[in-house]
Every structure is written in C-alpha cells, then in structure tokens.
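Everything on this sheet refers to the single structure shown next.
Bear in mind these aren't lab numbers, they're just calculated from the coordinates by the rules spelled out. Model, not experiment: these values are computed from the prediction. Here the Cβ is made from the backbone with ideal geometry for all residues, glycine too, and neighbour counts use every protein chain on show.
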Amino acid sequence: MDYKVLVADDEQAIANAIAYALKREGFTVQTASDGEEALRSAEVFQPHVLVLDVMMPKLSGFDVCRKLQHRNQLGILLLTVKNDIVDKVLGLELGADDYMTKPFDLRELTARVKALCRRLEKNTDQQAQTSIEIGRLTVHVEQRTVLLENQPLNLTPKEFDLLTMLLSHMKRVYTREELLEQVWGMEYAGGTRTVDIHIQRLRAKLGDEHGQLLQTVYGIGYKAAGDVV
C-alpha cells in the first residue's frame, strides 16, 4: 500500500527534515505550516498518518485533533516541545494515537509512523465480514463504523480497534499490557495510562447504558460484559 503522510509544523526546517526522512522510506508526503492549512490538506490529501505539531499558528495541534475526531481512518502522531504529562494525556484524549517530545530522533519518528501504518494494514487485512450487535449498539467491522441507536458514533481509529477487540472476545479479560500490544503495537512507547484514557473516552461516547459493556477488572485490566445491564 502507498501510504500518505501529512506533516504539519510551522518550523519549516523541521517539517522539511521529517518529509525528507519519510520520503526516503517510500512515503508520499505533504507539509502544512499552520493548523488551518493542516485541516485543508487533510481534507484534500486524505493522508493515512498526520504528524502534527502542537504549537502552531491559527489553530493549535489540539484544535486540529478536535476537528478531525470524526475521521476514523487517520493515525495522528503529536509533536510537542513540552515534556508535560498533562499535554500528552490531553492529546490522547483528543484522538491522537501517539506523541513525541521535541527534540526527537528522525529514525524513531519514522519507526513510529511505520508502526501506525502497519497497524492500519493489519486491521485492514484482518477485518472480519461480520457485524457485532449488542443492545442498540452495532459495530460493522469491515466498514469500520459504529452505530448507537442507529446513529453513527464518531470514534478514533484506536477507539474503534479497542472496542472491536473487546467486543469480539466477550468476557475475556485483557491486561493493559496485552491491549497495548494488540491495539497499539509493540513499538508504542506510551504507558498503560493510554489504555485507561481510551476506555474512559469510549465509555463516555457509548453513554450510561452501553458504556457499562466495558468493565474494569481491578488489578488486571478490562473485559467486555456479555450484555447491556
């Protein structure tokens, strides 16, 4: 598959360096210099991965994430100069899949982009020709869409993958480490807090009734309940 990457960073030297490194690895790359341009380019270019700087003019990386939450086929790697866990958690809550703190090694960034693409390819190859229906919740696995009470539910790629994995293996208990490996991949450098954040977001989007499907197994991890309570 010919993967496309959009690099959004107002520091042109950094954007060009990232673009050059990714092009050498066979990616098709475009760049954007501010948040508004990133949104326009994402609409036209339709990238598989967005490398997104947090501190940008016009719209911040966080604002871009908010506006892109409905796109469930886009992996987002955030770049930030702040080594602050609050910023990292906020980015994940807004739909980012991974983050790196500046300054960074271009080889590591390239590896993380590749990991996001491999996860996308794996999900595409392994999609089952089935749907999962629980209560008024329907997951169309092949189309990667979720309906709640016949209304589309806007999930990020990782939220969809996490929900599908748990619902496909009902009542099986997964540790946070297992979920990180299966959903994010071995290359992901984030901690298990990432799983907790995504579970919280899923519960909020599923609402009071269907959010109960995702149960915490204290001291271990998570599982999907057998039905809606």
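Computed values, structure above
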| read-out | value |
| --- | --- |
| Most mobile of V54, V217, V195 in a GNM of the chain (Cα contacts under 10 Å) | V217 |
| Spatially proximal lysines relative to K82 (Cα-Cα < 18 Å; intrachain offsets below 8 disregarded) | K102 |
| When the convex hull of its Cα atoms is projected in every direction, mean area for the range 127-224 (nm²) | 6.0 nm² |
| Of Y20, Y218, Y174, the one that fluctuates the most in a GNM where the chain has Cα springs shorter than 10 Å | Y218 |
| Potential lengthening between S168 and E93 on full extension [0.36 nm per residue; Cα-Cα distance subtracted] | 24.6 nm |
| Relative contact order %, the chain, counting alpha carbon pairs below 8 Å whose residues are six or more apart | 15 percent |
| Average projected area [Cα convex hull, the chain], square nanometres | 12.1 nm² |
| Length-normalised contact order of the range 4-124 in % [C-alpha pairs under 8 Å, at least 6 apart] | 23 percent |
| Cα coordinate range in the range 4-124, projected on the principal axes (Å, largest first) | 31, 30, 27 |
| Between helix 157-168 and the chain: long-axis angle, C-alpha atoms, 0 to 90°, nearest 10 | 20 degrees |
| The chain: angle of helix 193-210 to the longest principal axis, Cα-based, in degrees nearest 10 | 50 degrees |
| The range 127-224, relative contact order in percent, only Cα pairs under 8 angstrom and at least six apart counted | 24 percent |
| Estimated dipole of the chain in Debye, rounded to 20 [Cβ of Lys and Arg +1, of Asp and Glu -1, Cα centre] | 260 debye |
| Computed [θ] at 222 nm, helices only, for the chain once each DSSP H run of length n ≥ 4 contributes -39500 (n - 2.57) | -12500 deg cm²/dmol |
| Most fluctuating residue given options L116, L153, L79, as computed from a GNM of the chain linking Cα atoms under 10 Å | L153 |
| Sequence-distant lysines (8 or more away, or on other chains) whose Cα lies within less than 18 Å of K23 | K4, K114 |
| Centre separation in Å (Cα based) which lies between the range 5-34 and the range 35-67 | 13 Å |
| Set of lysines with alpha-carbon distance to K171 below 23 Å, sequence-local pairs under 8 removed | K158, K205, K223 |
| Footprinting exposure proxy for T101, T194 (fewest neighbouring C-beta atoms within 10 Å first) | T101, T194 |
| Fraction of beta bridges assigned by DSSP in the chain that are antiparallel (%, nearest 5) | 45 percent |
| 13 Å beta-carbon shell around A13, net charge (K/R +1, D/E -1) | -3 |
| FRET efficiency, 1/(1 + (r/R0)^6) with R0 45 Å, evaluated for Y20 and R136 via beta carbons | 0.35 |
| Modelled FRET efficiency - R0 25 Å, K102 with T28, Cβ distances, 0.05 increments | 0.55 |
